[in-house]
Amino acid sequence: MKSLSSQSEFYLETVNEYKNKGNAIAHFNISNLDQARAIAEVAEELKQPVIIGASEGERTYMGVTMVRKIVDELNQEYNVAIFLNADHTYSLEKVQEVVEAGYDSVIVDGAKLPYEENVALVKECVDYVRGYEAKTGKRVLVEAELGYIGQSSSLNSALPEGVSEDNITTMEQAKDFVLRTGIDMFAPAIGNVHGMLIDAEMPKLHIERLKEIATGTGMPLVLHGASGNTDDDLVASVNNGIAIIHINTEIRKAFRDGEKNYMDEHPNEVAPYKFGHEGQEEMKKVVKAKMELYTK
């Protein structure tokens, strides 16, 4: 495996390469080893790099260093580049934790904060990461969000509280935010929402606004909360500046449904690897469809 510094540099090079070709890299979160293997197997099958993410909650459940070790092992076992991202990290303390654990990138999420507080949090984290790099020579990519899109990966009957059209990021905000924070990648709010709506259509993405932000910032853009968006919207987002797309709710639902279907058919089964395998198979269908969609 590459050193952390070269791995992170390769990560950024790969993201920019995909962006320049009009493609996007898929980002999927994990909560267990079954899900990690499902993602790695599809990535190897398609010969595409992939980003595995773990949020604060997922890292607490699995263990911060254990997630790093799992992805290290996947990189040894599978002949494909697998990058590790610390998804949705809300404090400097938690940023320090994942940087010191060797994650390739970290998302500083201050999107729910007032604008100046968001800028201050992100800048504080970027300054820490750059200082860490100067001392150790280990490069870590920093991403940040602007515009609140919710925080839960769940099935919802309505938009999360606090999410509205008023949160759509403007080009002026984006340029100011990127300039003042010094981040490597930027996640704007363009109508995307965390989680999925039940019995209702997901909001359409504001592709024209995305195009403005891509032109104005010139940096890799990341789409969060893409579960449930139409294929047309996702392809349009890739064609207009999105370089990474996050999917979590859709793969969680597929994994759960696969396990549930197996247990419904085999009510006396208690071996986790058996129903876990069915969860993997359902999840892999979603992972493959998304990865193929982003590279059309």
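The values are calculated or read from the model by the stated rules, or taken from the named source; none is laboratory data. Remember, it's a predicted structure, so these values are computed and weren't measured experimentally. Positions of Cβ are generated from backbone atoms using ideal geometry, with glycine treated the same way; all protein chains shown enter the neighbour counts.
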Number of positions in the stretch 5-43 that are farther than 19 Å from ILE244 by Cβ, touching a Lys or Arg at 6+ places or on another chain (Cβ under 7 Å) and at pLDDT below 95:
1
SER8 is checked against (1) assigned to a helix (DSSP H, G or I); (2) more than 28 Å from GLY218 (Cα to Cα); (3) among the hydroxyl-bearing types (Ser, Thr, Tyr) and fails just one. What number does that condition carry?
(2)
When you scan the stretch 43-61, how many residues do you find that are within 16 Å of ASP109 (Cβ to Cβ) and over 10 Å from the mean Cα position of the chain (by Cα)?
5
Matching residues, the stretch 44-71, being in contact with a Leu (Cβ under 9 Å, 6 or more places away or on another chain) and either closer than 21 Å to ILE244 by Cα or of a type in the set (Phe, Trp, Tyr) (or both)
ILE51, ILE52, GLY53, ALA54, VAL67, ARG68, VAL71
Of the conditions (1) surrounded by 17 or more Cβ atoms within 10 Å (Cβ to Cβ); (2) out of contact with any helix residue (DSSP H, G or I) (no Cβ under 7 Å at 6 or more places or on another chain), VAL80 fails just one. Which one is it?
(2)
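In this structure, does ALA111 turn out to be part of a loop (DSSP other than H, G, I, E, B) and not hydroxyl-bearing (Ser, Thr, Tyr)? Break it down stepwise before answering.
On the way: part of a loop (DSSP other than H, G, I, E, B): yes; not hydroxyl-bearing (Ser, Thr, Tyr): yes.
Yes; evaluated as a whole, the condition is true for this residue.
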Pair list, Cβ < 8 Å and 6+ apart or interchain, from the stretch 258-275 residues that are outside any helix (DSSP H, G or I) to residues that are of a type outside the set (Gly, Ala, Ser)
HIS266/LYS274; HIS266/PHE275; GLU269/TYR262; GLU269/MET263; GLU269/PHE275
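Quick check on the stretch 95-108: of everything there that is of a type outside the set (A, V, I, L, M, F, W, C) and part of a helix (DSSP H, G or I), which residue is nearest to GLU58 (Cα to Cα)?
As a first pass, look at the stretch 95-108 and keep what is of a type outside the set (A, V, I, L, M, F, W, C): 96-97, 100, 102-105.
Subset that is part of a helix (DSSP H, G or I): 96-97, 100.
On the way: GLN96: 17, GLU97: 14, GLU100: 18 Å.
Filtering the stretch 95-108 for residues that are of a type outside the set (A, V, I, L, M, F, W, C) and part of a helix (DSSP H, G or I), the one nearest to GLU58 (Cα to Cα) comes out as GLU97.
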